[in-house]
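The values are calculated or read from the model by the stated rules, or taken from the named source; none is laboratory data. Just so it is clear, the structure is predicted and the values come from calculations on it, not from any experiment. Backbone-built Cβ (ideal geometry, glycine too); neighbour counts: all protein chains shown. Quick note on the areas: whole protein, heavy atoms, side chains included, nothing else; ligands and nucleic acids left out. Shrake-Rupley method; radii C 1.70, N 1.55, O 1.52, S 1.80 Å.
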Amino acid sequence: MYRKVSSSRVIKLFLYSILLSIVGMLIPIFFAFIPAMYLSEMRRQGTLPILGVFVGVCVVTGLLTEPMMGLTLLTIMGPLILIMDYCMRTDRSVKVTMAIGTFVFVASCGFVLYRSGMLQALQSGEFLKDLGAIQQEVVKNANLSEVEQGRVMSQLKTVVGQATTLFPAFLVLSGVVMSYLSYRISGRNIQLAGEKVVCPGPFPFMKLPKAPVIASVIILAVAYAVSASAAPEIGVYVNNGLVIILGLLSFQGLSIVNFFLLRYVRSPLVRGLIMVLVFTIPVGQMGLLALGLIDQFIDIRSIQGVQ
């Protein structure tokens with residue numbers, strides 16, 4: 001469906017996209033807002049004209065920063081924008097659109113990692129060796145005793161090794177967050193413009209489907225027992241699966257916290273600070289996980305009589 005292209009809206013979209021791309025290099029979460037803008041404008045002004053704007057943004061971003069940055073932005077965001085635009089135009093269900101969006105995001109990131117050589121470096125261990133050398137140099141320049149240097153290096157090595165092993169899980173969770181933000185923000189903008197579109201509900205009411213979550217927990221628990229006794233080689237896959245499920249349940253717990261904060265805390269700034277603290281403090285993370293798991297069986301939001 002083609003509509004008259006608004007020059008002023010195109011210029012704003014172009015400039016905002018450049019700004020978000022550059023800021024996103026410092027604070028990656030800003031990248032998550034780029035697809036939402038294009039999905040909204042594609043519904044208003046047509047897919048092809050807005051897609052052309054996106055390609056132009058990638059070219060300019062590459063010129064302002066480095067060509068690889070523009071190419072990466074095009075490779076990761078382009079397919080996600082196109083597939084989610086198709087799903088929204090054809091009224092696919094929220095579950096289907098979220099699943100497809102996450103898969104496309106992960107596949108695009110995997111392709112970029114493969115073409116850049118990063119995937120091979122991770123698999124061969126070269127990345128860890130190079131990172132370890134950098135860490136060792138930093139620790140040596142920190143004026144620490146030999147015992148402290150050894151302790152710090154040991155801790156850093158453990159943390160980096162675990163992060164590398166669980167990288168696939170973090171990539172999937174990033175895809176879920178990216179898809180949800182793009183889907184929710186663009187869907188809400190389209191609805192405010194007076195058009196009908198299927199989109200996720202507000203974050204404070206987010207709830208994972210019960211049956212798939214329970215089934216996944218059971219399967220992963222059995223797989224974990226098997227990996228601990230008879231098949232240790234599948235441990236890395238089980239751990240990644242557990243991190244994904246626990247991460248999703250934590251997001252559900254965070255939505256519950258947001259729900260009650262909206263009821264009892266008026267200041268948006270205070271609400272934001274509380275959510276950041278809860279999400280970053282280990283005790284808070286455990287609380288979020290517990291809330292998400294309990295909410296699978298008991299509707300916590302209805303305890304206070306609020307529907």
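What the table shows:
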read-out: Counted residues, segment 199-220 - those being closer than 23 Å to residue 189 by Cα and either open to solvent by less than 50 Å² (accessible area, probe 1.4 Å) or assigned to a helix (DSSP H, G or I) (or both); value: 7
read-out: Odd one out for residue 18 among (1) under 22 Å from residue 86 (Cα atoms); (2) free of Cβ contacts under 8 Å to residues at least 60 places away in the same chain; value: (1)
read-out: Segment 1-49: number of residues that are of a type in the set (Val, Ile, Thr) and in a loop (DSSP other than H, G, I, E, B); value: 2
read-out: The listed residue being modelled with pLDDT of 70 or more and open to solvent by less than 40 Å² (accessible area, probe 1.4 Å), out of 185, 190; value: 190
read-out: Scan of segment 221-243 for residues that are more than 24 Å from the chain's Cα centre (by Cα) and either open to solvent by 70 Å² or more (accessible area, probe 1.4 Å) or closer than 19 Å to residue 290 by Cα (or both), ordered by number; value: 221, 222, 224, 228, 229, 230, 232, 233
read-out: Qualifying positions in segment 1-49 - surrounded by 15 or more Cβ atoms within 10 Å (Cβ to Cβ) and β-branched (Val, Ile, Thr); value: 5, 10, 18, 34, 47
read-out: Subset of segment 91-129 [farther than 30 Å from residue 195 by Cβ, open to solvent by 50 Å² or more (accessible area, probe 1.4 Å), modelled with pLDDT of 80 or more and touching a Ser or Thr at 6+ places or on another chain (Cβ under 9 Å)]; value: 111, 115, 116
read-out: All positions within segment 58-95 that are under 24 Å from residue 188 (Cα atoms), β-branched (Val, Ile, Thr) and touching a residue at least 40 places away in the same chain (Cβ under 8 Å); value: 81, 94
read-out: Residue 214 being closer than 30 Å to residue 259 by Cα and modelled with pLDDT of 85 or more; value: no
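To keep it simple, each residue is scored yes or no on (1) assigned to a helix (DSSP H, G or I); (2) in contact (Cβ under 8 Å) with a residue 24 or more places away in the chain; (3) over 19 Å from residue 167 (Cα atoms).
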site: 237; (1), (2), (3): yes, no, no
site: 258; (1), (2), (3): yes, yes, yes
site: 286; (1), (2), (3): yes, no, yes
site: 301; (1), (2), (3): yes, yes, yes
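For every residue, the table says whether it meets (1) open to solvent by 60 Å² or more (accessible area, probe 1.4 Å); (2) closer than 14 Å to residue 175 by Cα; (3) β-branched (Val, Ile, Thr).
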| site | (1), (2), (3) |
| --- | --- |
| 51 | no, no, no |
| 58 | no, no, no |
| 61 | no, no, yes |
| 66 | yes, no, no |
